[in-house]
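Encoded as structure tokens, the structure appears first; notes follow it.
The values are calculated or read from the model by the stated rules, or taken from the named source; none is laboratory data. If you're wondering where the values come from, they're calculated on a predicted model, not measured in any experiment. Glycine also receives a Cβ, built like all others from the backbone with ideal geometry; neighbour counts cover every protein chain displayed. We work out accessible area using only protein heavy atoms, side chains counted, and drop any ligands, DNA or RNA first. Shrake-Rupley method; radii C 1.70, N 1.55, O 1.52, S 1.80 Å.
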Amino acid sequence: MRFFQPLGFFALIGIPIIVLMYLMRQKYKEHQVSSLFLWKKAESYSMAQKPFQKLKKNLLMFLQIIAVALLAIALASPYIMGVSETSHIVFGVDCSLSMQAKDEQEGKSRLEQAKQQIKNKIEQSPPNGIFSIVILQDTPTILSNNSTDKTTLLKQIEAIQPTNGGVDWQNSRELLQLAGAENGQISIFTDQYQPTLEDLDIEQNILGKNSENTAITLLSHSQGENGFQALVKVSYFGEGEITKTVNLFCDGKAFDRKEITIQGGNSKDVIFTGISQQTTALTATLTPEDVLAADDRAYDGAFSQTKKKVLLVTDQNIFLEKVYSLLPEVELYKTDTEHIEELKGYSLYIFDGVIPENLPQDGYYVFWNLPNDNTILPLGAERNITGQANTQGYGNMTLAETLTFDIEKAKSFSVPMWSSPILEADGEAIAIAGEQNGIKMAVFAFDIHNTDLPLQKEFPILIYNLQNWFFEQSGQQSLEGIESGKTVEITLLPETKEASVQFPNGQTTKIAPPFPPEPFTDTQQTGIYTLIQKDQSQQQTTNTFAVNAKTAGESDLMQQYQSQKQTQIQQNNAKKTIKVGKSIQNAVILVLLLLLLLEWRVNCNER
């Protein structure tokens, strides 16, 4: 026997108190007599008045002592160790793309079947059952933990929706173990046996059956001779051959359709050409649909829609003007050095030999022949250059082949912590690039007219790489190939003052300010998203990007499950016993009450 509250034994102090009371108690009994001549009786009466006498056997006293002992034991909350079947069940629900497949009875999806089985288990469980629910997806979460409210649990299960992504099984494993740490029986409902969970005491309930399925596993576009061209890759997970129709829509309007025949286990590429340069989004569909309709549709965005506005501030620099006018994503503007105050509305400012007193609050900066009187970089006296200048790598400005050129002189300076050299001569930096307080800038401490740099064939490559470093190709690379449920890093234009994202269903969410924006995680919907950026004058720039269903590992429904191993796991998990402490306090209290009743009866008989 063990005790939850050992302090209850302080009640045993009542035992010596009872004994003391019986020692001091008068031991004579009153009797009516006819005469007073029996003086010996008087002597015994006198002896009975003495306070302390030899303790005699007394049934009433022993009953009271036992009653105090039982009271102390009851207050100490006694319990004994026993074995009991666990009543805590942890349900893991696979909500991945493949769970949308409707290959079950009555046309129900695999997820609907899983939800129904879980609800049945909860409804048929004992009244004191404890349940936890873990949603298995790309970012697994605990929906409910150690809950006994069956009504709430059933509502939560009914509200579970499938995703268009997959399952992070490593994180799911850890979360299931955490939810079932308190003697829980873990039972997951999925459509594919997971060998990674073999070493755990987990029941795997496999849903679905081997089903043929066709999916669009890729939709992309590229520049063609006559506008854009689109590539649609269609994969058939099945046997024999199947015929499907591939439909292409440009900005929601039907563009073209092609019929294809695919052999089981193979893929086929379908190419559409002549797509308008004004297109902002593509959608491809397969008809007729099959048991998994979610992967019969794919989307493509990330079309470059706007050029970057670049302002060149110079009196006369035909070299810079020419090279920037050749860049495909640049819309070049030019002004002289007398009008350099209150500049705004450009993504990049190029200052040649001058610097305004107040720099523009939007955009990035390039300084050529930076004046000594500036707040950007402390410059020393000009030094003559004896050797050739060459490039140094910084970010993605590293050139495939080394750029070397002759230079007459350059201003000396120390490379600040926020930057790195991109050009050097005689072992010292003559140009740097870096980011300070969230603003990218490049500084060239020499006059381009004192060099033969513009005559080098690598000069346009240097400027092109520099431009890509500033704008990272408008963030288009980071907005390609996005799968549902994945996190997206969004790069904004430097002149952006407000940014938001419009979802495929038309809803809009604000992502900036503050700047830089947080990683965008709300990508559960598949379809075309629109990135909306507004500058200080509320001029709007829009770019589209697509989020597609995760087909890899999800679209192949022709899985051969290990049914024998699955049955073995289910049998091993049919009953799970644990050691628990069973309280016997109520039993002790019942004995105490019976003892008090006996004590009362004895007391009545002695009177």
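When you go through (1) open to solvent by less than 20 Å² (accessible area, probe 1.4 Å); (2) closer than 24 Å to ASP290 by Cα; (3) not small (Gly, Ala, Ser) one by one for ASN210, which number turns out not to apply? The one condition ASN210 does not meet is (1).
Restricted to helices (runs of 4 or more DSSP H) entirely inside segment 1-120, those with at least 2 residues that are open to solvent by less than 70 Å² (accessible area, probe 1.4 Å), small (Gly, Ala, Ser) and at pLDDT 80 or above are 59-75. Restricting segment 238-249 to residues that are at pLDDT 95 or above and surrounded by 15 or more Cβ atoms within 10 Å (Cβ to Cβ), the residue that is farthest from GLY553 (Cα to Cα) is PHE249.
All of GLN540, GLN473, GLN533 fail the test of being under 19 Å from GLY438 (Cα atoms), at pLDDT below 90, polar (S, T, N, Q) and out of contact with any Cys (no Cβ under 7 Å at 6 or more places or on another chain), apart from GLN473. Is it true that PHE520 is closer than 27 Å to GLN361 by Cα, of a type in the set (Phe, Trp, Tyr) and in contact with a Gly (Cβ under 8 Å, 6 or more places away or on another chain)? Considered against the rule, which asks whether it is closer than 27 Å to GLN361 by Cα, of a type in the set (Phe, Trp, Tyr) and in contact with a Gly (Cβ under 8 Å, 6 or more places away or on another chain), PHE520 comes out as no.
Return the residues of segment 311-347 that are modelled with pLDDT of 90 or more, within 21 Å of GLU495 (Cβ to Cβ) and assigned to a loop (DSSP other than H, G, I, E, B); say none if nothing qualifies. Answer for segment 311-347, where residues must be modelled with pLDDT of 90 or more, within 21 Å of GLU495 (Cβ to Cβ) and assigned to a loop (DSSP other than H, G, I, E, B): just THR314. Taken over segment 428-472, the criterion of being in a helix (DSSP H, G or I) and either among the aliphatic types (A, V, I, L, M) or within 17 Å of ASN369 (Cβ to Cβ) (or both) is satisfied by ILE448, HIS449, ASN450, LEU453, PRO454, LEU455, PHE459, ILE461, LEU462, ILE463, LEU466. Filtered by the rule that a residue be more than 23 Å from ALA546 (Cα to Cα) and either open to solvent by 40 Å² or more (accessible area, probe 1.4 Å) or in contact with an Asp or Glu (Cβ under 7 Å, 6 or more places away or on another chain) (or both), segment 250-262 gives GLU259, THR261, ILE262. The criterion of being without any contact (Cβ under 8 Å) to a residue 40 or more places away in the chain, in contact with a helix residue (DSSP H, G or I) (Cβ under 7 Å, 6 or more places away or on another chain) and of a type outside the set (A, V, I, L, M, F, W, C) holds for LYS334. The set of residues from segment 126-172 being touching a residue at least 24 places away in the same chain (Cβ under 8 Å), open to solvent by less than 20 Å² (accessible area, probe 1.4 Å) and hydroxyl-bearing (Ser, Thr, Tyr) comprises SER132, THR163, SER172. For segment 263-287, taking the residues that are among the β-branched types (Val, Ile, Thr) and assigned to a loop (DSSP other than H, G, I, E, B), the one that is surrounded by the fewest Cβ atoms within 10 Å (Cβ to Cβ) is identified as THR280.
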